[in-house]
Amino acid sequence: MPEPLQMLRIVTHEHSPRKGGAGVVAEQLAMAVARQGRDVEVWAQDGAVLPDEAVGASKYALHAVPKLRGTRNLPCLVRMVRAIHADASSFSDAIVHVAEPAAVEAFFYLQWFPRKPWKRLILTVHGSEIRRWRKNPVNRILFSKLAEASDRIHVLSNYNAKEILSWMPGLASRLFMAYGVPNAELALPPKEERSDSSNRRTVLLCVGRIHPRKGQLYLLQCINGLPRAYKDRIEVRFVGQVVKDGYNAEVSRLASQCGCPVVFAGGVSSEDLMRAYAGADLFAMTSVPVGDSIEGLGLVYLEASRHRLPVLANRTGGVEDAVLDGVTGLLSEVGDADGFRHNLMRLIDSQALCSGLGAAGRLHVANHTWDDVAARLYHFDEPTRLADALDFPTARV
C-alpha cells in the first residue's frame, strides 16, 4: 500500500505583498499546515515575502520564482513551468496544490510532461476563470484534462460549484467546497471607543482593490443619492490598492462630490487593516459583474463579519455564501441603488439591527477556520490516491 504523503507544495502567482483573495487562500492554508509541523513550501511571484501574520509556528518556506511577474501572460506561465520542471524532484513526491488561476494555467502545460510533477494534485477554482476557460476552445480542453487528473477541486462557494458542474458534471465526486477567514491568526483589536454624541458620523468601511468589479464607483453613486440628512451622518473609508488608474480617477472624482467625508487609505498592512475594521461601524462592498468577471465569494465579507460588522452587499456570484441575507447582513440586487440605500439607511437608523447582524456574523465565521479546511483538504494520512468519493459539503449554516 502506498505511503501517506508528508510534503505540500502550494503554487500561486499571487502572494504578499501583492495580494487579493486568491493570495489569502494560499497563504492561510500554508500557515495552517506549517502549524502542524509539516514540510510546506509556497512557490510564488518574484518579490514575494511572508505575510505579516506568518510568525512562529505558522511560518512556511517561500520560493519566489525569479522574474515571475505573477500574471497570466505566456512568458510568465513559461517561467513557472520551467522553474517547476527544473526542480521536479521536490514536487514529484508531494501533494501539489495549485491555488490560483494563473498557476492553474501553468499546469495546463506541465501536465504534458512524461513525469508528472505531483503525486497528488489539488486545484483551487475561485470563480471567473471557469467561464473564461469554458469559452476558450484550447483552455477548455486543457482544463478538462487537468481536472480529470486531479484528486480534488477546491471551490470557495456554492456558486462556483454550480458553474463548474454545469460544464463538467462528472467532477461532482471530486469537488470540495470550503472557505476560511483571512487573518485568523491576528488577534482582534479592541473596538474603538465611541462617543454617544449624535454628531458622531457612522463609519462605513469598504475593503478591496480599487477595481470595477469591486464596485467602489457604484457604492459612491448609491451614497450620492442618499438624502442630505443621511449624508451628514456617515463617513466612507476605502482600503485597497489601486489596480486600474482610469477607474480610480472616476472613483476619486465622485468621492469629492458625494457630500460626505471619503477617505482612501490605499493598501495597508494586516495590522492596519485590523485597525480599520475596529474603527468601522458598517461594512459594504458592492461587487458588480464585469463581463465574465464575477465575485466568486468575497473573503472580505467574512473578515468584516469576524469583526462583528453588519455587511451590505450585492446579490452576485458567491456572495450569498459569505453574507447571509437578513442574518449577517443585507443584500440588494445589482443595479437596485434604491434597495441598497434603503438597507443602508436602516442600518444607520438602528443600532439594534447592526448589533444583531454583527453578532450573527461573528458566529457564522467561527464555523470556518483555515486549520479545519487544511485538515479536510489535504488528508496527509491518506495514501497517494483517494479511494473514496468525496462528499460535497454546503456552506449554509
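The values are calculated or read from the model by the stated rules, or taken from the named source; none is laboratory data. Note that the structure is predicted; figures quoted are calculated from it, not measured. Reconstructed Cβ throughout: ideal geometry from the backbone, glycine too, with neighbour counts over all protein chains shown.
Suppose the filter is of a type in the set (K, R), over 16 Å from A374 (Cα atoms), outside the structural domain of G240 (by TED's automatic domain parsing) and at pLDDT below 95; does R72 pass it? Before you say what the answer is, go through the steps one by one.
Values: of a type in the set (K, R): yes; over 16 Å from A374 (Cα atoms): yes; outside the structural domain of G240 (by TED's automatic domain parsing): yes; at pLDDT below 95: yes.
Here the answer is yes, as R72 does meet what is asked.
Output the residues belonging to the stretch 358-381 that are farther than 21 Å from S157 by Cα and of a type in the set (A, V, I, L, M, F, W, C).
Once the filter is applied, which keeps residues that are farther than 21 Å from S157 by Cα and of a type in the set (A, V, I, L, M, F, W, C), the stretch 358-381 yields A359, F380.
Is there a residue in the stretch 291-302 that is touching a strand residue (DSSP E or B) at 6+ places or on another chain (Cβ under 8 Å) and over 22 Å from A161 (Cβ atoms)?
No: the stretch 291-302 contains no residue that is touching a strand residue (DSSP E or B) at 6+ places or on another chain (Cβ under 8 Å) and over 22 Å from A161 (Cβ atoms).
Examine the stretch 10-25 for a residue that is surrounded by fewer than 16 Cβ atoms within 10 Å (Cβ to Cβ) and in contact with a strand residue (DSSP E or B) (Cβ under 7 Å, 6 or more places away or on another chain), and state whether such a residue exists. Steps first, please.
Let us first name the residues in the stretch 10-25 that are surrounded by fewer than 16 Cβ atoms within 10 Å (Cβ to Cβ), namely 17.
Right, trim to in contact with a strand residue (DSSP E or B) (Cβ under 7 Å, 6 or more places away or on another chain) and you get none.
No - not one qualifying residue is present in the stretch 10-25.
Do you know which residues across the stretch 1-31 are more than 24 Å from G208 (Cβ to Cβ) and not in a loop (DSSP other than H, G, I, E, B)? Spell out how you get there, then give the answer.
From the stretch 1-31, those more than 24 Å from G208 (Cβ to Cβ) are 1-9, 11; that's our starting set.
Within the stretch 1-31, M7, L8, R9, V11 meet the criteria.
Would you be able to say whether some residue in the stretch 78-86 is surrounded by 18 or more Cβ atoms within 10 Å (Cβ to Cβ), touching a residue at least 60 places away in the same chain (Cβ under 8 Å) and not assigned by TED's automatic domain parsing to the domain that holds E303?
Yes, the stretch 78-86 contains a residue that is surrounded by 18 or more Cβ atoms within 10 Å (Cβ to Cβ), touching a residue at least 60 places away in the same chain (Cβ under 8 Å) and not assigned by TED's automatic domain parsing to the domain that holds E303.
Give me the pairs, please: first residue somewhere in the stretch 130-145 and in the same structural domain as S157 (by TED's automatic domain parsing), second residue anywhere and among the aliphatic types (A, V, I, L, M), beta-carbon distance under 7 Å, and either six or more positions apart or on two chains.
Final answer for the pair search is I130/I164; S144/M168.
Only residues that are modelled with pLDDT of 95 or more and under 15 Å from E100 (Cβ atoms): list them for the stretch 28-45, please.
Once the filter is applied, which keeps residues that are modelled with pLDDT of 95 or more and under 15 Å from E100 (Cβ atoms), the stretch 28-45 yields L29, A30, V42, W43, A44, Q45.
Go through the stretch 152-164 and count every residue that is over 16 Å from P101 (Cα atoms) and either buried (at least 20 other Cβ atoms within 10 Å of the Cβ) or over 21 Å from the mean Cα position of the chain (by Cα) (or both).
Step one: of the stretch 152-164, the residues over 16 Å from P101 (Cα atoms) are 158-159, 162.
Going one step further and asking which of them are either buried (at least 20 other Cβ atoms within 10 Å of the Cβ) or over 21 Å from the mean Cα position of the chain (by Cα) (or both), we end up with 159.
The total comes to 1.
When only residues in the stretch 46-66 that are surrounded by fewer than 14 Cβ atoms within 10 Å (Cβ to Cβ) and at pLDDT below 95 count, which is nearest to W118 (Cα to Cα)?
Top of the filtered list is A57.
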